[in-house]
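To keep things clear, I will list the structure first and then write my remarks on it.
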Amino acid sequence: MNKKVGWFLVGTLAGVLVIGPWQSRSEAGTGPATIRINDRELEVTRVDVGARGTSAGDMEIVRTQLRERGTLKVIGRGELVCTFVDSLRSRVCRGTYALPRGKIVVGGTILYRQFYDLAVLGGTGLYDNARGSLTITRTHRSPVRNVVFIRLVG
């Protein structure tokens with residue numbers, strides 16, 4: 001083997017090994033997109049841990065069934081766990097929306113569950129490293145149903 005070719009290969013390999021770790025940054029699995037679906041509330045559980053009634057530290061756990069818009073076809077589930085930060089309505093929430101091609105993780109503050117926005121913090125599968133926002137708008141009271149609008153920016 002030619003000496004110049006050998007040194008070229010050694011240099012190239014060294015460069016890959018030195019620069020490689022900085023190139024391992026993960027890009028989002030999906031580009032800008034909008035997801036519009038419906039949900040139906042299955043269960044709301046309240047955990048009263050402090051003073052009787054709503055107080056700081058109490059929890060609210062919400063399970064929903066995600067449905068294709070305009071049909072009754074179930075396409076996934078939503079799970080939201082909230083912790084109250086005062087004795088009124090303010091709560092900090094974290095949730096997961098499991099869809100056919102991956103999961104979307106959301107979080108933020110909710111004052112009223114009839115209408116709220118949460119940040120999209122990431123996800124798995126198609127939604128790996130997703131960012132954006134989720135908006136919930138109540139459409140029916142009994143049974144509770146909502147429109148779920150997810151805006152992904154990448």
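Summary of values
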{"quantity": "Selection status of Asp117, touching a residue at least 12 places away in the same chain (Cβ under 8 Å) and over 16 Å from Val148 (Cα atoms)", "calculated": "no"}
{"quantity": "Flag for Phe84 being among the aromatic types (Phe, Trp, Tyr) and loosely packed, with under 14 Cβ neighbours inside 10 Å", "calculated": "no"}
{"quantity": "Selection from the range 58-80 of residues that are in a strand (DSSP E or B), surrounded by fewer than 17 Cβ atoms within 10 Å (Cβ to Cβ) and aliphatic (A, V, I, L, M)", "calculated": "Met59, Ile61, Val74, Ile75"}
{"quantity": "Criterion (among the hydrophobic types (A, V, I, L, M, F, W, C) and within 20 Å of Arg145 (Cβ to Cβ)) met by exactly one of Val81, Val106, Val92, Val85", "calculated": "Val106"}
{"quantity": "Any pair with Cβ under 7 angstrom, 6 or more apart, that starts in the range 70-87 at a residue that is touching a residue at least 12 places away in the same chain (Cβ under 8 Å) and within 20 Å of Val120 (Cα to Cα) and ends at one that is surrounded by 11 or more Cβ atoms within 10 Å (Cβ to Cβ) and among the acidic types (Asp, Glu)", "calculated": "Ile75/Glu68; Gly78/Asp39; Cys82/Glu60"}
{"quantity": "Residues (among the small types (Gly, Ala, Ser), within 21 Å of Thr45 (Cβ to Cβ) and either part of a helix (DSSP H, G or I) or under 12 Å from the mean Cα position of the chain (by Cα) (or both)) located in the range 98-153", "calculated": "Ala98, Gly107, Gly108"}
{"quantity": "One residue from Trp22, Trp7 being modelled with pLDDT under 90 and within 20 Å of Asn129 (Cβ to Cβ)", "calculated": "Trp22"}
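So that you can scan it fast, the table gives a plain yes or no per residue for (1) at pLDDT below 95; (2) of a type in the set (S, T, N, Q); (3) out of contact with any strand residue (DSSP E or B) (no Cβ under 9 Å at 6 or more places or on another chain):
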{"site": "Arg52", "(1), (2), (3)": "yes, no, yes"}
{"site": "Ala56", "(1), (2), (3)": "yes, no, no"}
{"site": "Arg69", "(1), (2), (3)": "yes, no, no"}
{"site": "Gly76", "(1), (2), (3)": "no, no, no"}
{"site": "Glu79", "(1), (2), (3)": "no, no, no"}
{"site": "Thr83", "(1), (2), (3)": "no, yes, no"}
{"site": "Asp86", "(1), (2), (3)": "yes, no, yes"}
{"site": "Arg94", "(1), (2), (3)": "no, no, no"}
{"site": "Ala98", "(1), (2), (3)": "no, no, no"}
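The values are calculated or read from the model by the stated rules, or taken from the named source; none is laboratory data. The model shown is predicted, which means the values in this text are computed figures rather than measured ones. With ideal geometry, Cβ positions are generated from the backbone for all residues, glycine too; neighbour counts draw on all protein chains shown.
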